[in-house]
Amino acid sequence: MTDEKDRLILVGRVAGAFGVRGEVRLSAYTADPMALMGYGQLLAGNGAPVLTLTAARPVKDGVVARVKEVETREAAEALRGTRLFILRSALPEPDEDEYYLADLIGLKAVSPEGDHLGVVKAVHDFKAGDILEIDPGMGRPSWMQPFTREAVPDVRLADGVVVLVKLPETIAEPGMRGKDDRDEDEGDEA
């Protein structure tokens, strides 16, 4: 699976069994939890088919589903923690000036002046708004950037770029030297 459209997108996780008749409780990572029904087969992280939903009903934070591959509570419970994916190509194309958050992963992060800041490593949702994880490379630790219009005013998927402003205070502006980056001969004079 090397084509961008064949990339796996995480859409949910098996939360465990529900009831005694083999139903499965799924945590959904989609805007509409019932969208899981429309994806056909849900895949494991290696791309192999793992679940086929035959019926579902919404519950808090997900769905309870009947699954073709599961007939008993024990079989449902054995799947607990299984991450569920679909192919990127299974998603409808977004409208103009819209995009999927998963499409931001791998984009170059730049300043408004075009200075390289890193690469979008992940998009997190800690229930207080989306956050981009930026990997600056060269062994330096990743940092988080709120994904708001104010902090990320420009997303150019075709160019493979996101423009970041309002950087966290812990991130020095490109080209600026931090306090610990002084030349040895710049020490205090006695």
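The values are calculated or read from the model by the stated rules, or taken from the named source; none is laboratory data. Source: prediction; values computed, not measured. All Cβ positions, even for glycine, are placed from backbone atoms using ideal geometry, and neighbour counts span all protein chains on display.
Conditions tested, residue by residue: (1) loosely packed, with under 13 Cβ neighbours inside 10 Å; (2) among the small types (Gly, Ala, Ser); (3) touching a residue at least 40 places away in the same chain (Cβ under 8 Å).
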| position | (1), (2), (3) |
| --- | --- |
| Leu51 | no, no, no |
| Thr54 | yes, no, no |
| Val63 | no, no, no |
| Val67 | no, no, yes |
| Arg73 | no, no, yes |
| Ala78 | no, yes, no |
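Residues that are at positive phi: find the strands (runs of 3 or more DSSP E) completely inside the range 1-82 holding 1 or more of those.
Passing ranges, in order: 8-18, 62-67.
Taking the condition of being more than 30 Å from Met138 (Cβ to Cβ) and part of a strand (DSSP E or B), how many residues in the range 84-119 meet it?
4
When you go through Gly40, Gly45 one by one, which is the residue that is outside the structural domain of Arg156 (by TED's automatic domain parsing), touching a helix residue (DSSP H, G or I) at 6+ places or on another chain (Cβ under 9 Å) and not charged (D, E, K, R)?
Among Gly40, Gly45, only Gly40 is outside the structural domain of Arg156 (by TED's automatic domain parsing), touching a helix residue (DSSP H, G or I) at 6+ places or on another chain (Cβ under 9 Å) and not charged (D, E, K, R).
Suppose the filter is assigned by TED's automatic domain parsing to the domain that holds Ala158 and surrounded by 17 or more Cβ atoms within 10 Å (Cβ to Cβ); does Val120 pass it?
yes
Name the one entry in Arg83, Arg88 that is modelled with pLDDT of 95 or more, closer than 29 Å to Gln145 by Cβ and not polar (S, T, N, Q). Explain how you work it out, then say what you get.
Working: Arg88 fails: modelled with pLDDT of 95 or more.
After applying the criteria, what remains is Arg83.
Return the only residue of Gly160, Gly187, Gly129 being at pLDDT 90 or above, outside the structural domain of Ala31 (by TED's automatic domain parsing) and among the small types (Gly, Ala, Ser). Before the answer, list the steps.
Values: Gly187 fails: at pLDDT 90 or above; Gly129 fails: at pLDDT 90 or above.
Testing whether each residue is at pLDDT 90 or above, outside the structural domain of Ala31 (by TED's automatic domain parsing) and among the small types (Gly, Ala, Ser) leaves just Gly160.
Considering each of Pro58, Pro136, Pro112 in turn, give the residue that is of a type outside the set (Lys, Arg), under 24 Å from Arg7 (Cα atoms) and either in contact with a Leu (Cβ under 8 Å, 6 or more places away or on another chain) or surrounded by fewer than 16 Cβ atoms within 10 Å (Cβ to Cβ) (or both).
Of the residues listed, the single one that is of a type outside the set (Lys, Arg), under 24 Å from Arg7 (Cα atoms) and either in contact with a Leu (Cβ under 8 Å, 6 or more places away or on another chain) or surrounded by fewer than 16 Cβ atoms within 10 Å (Cβ to Cβ) (or both) is Pro136.
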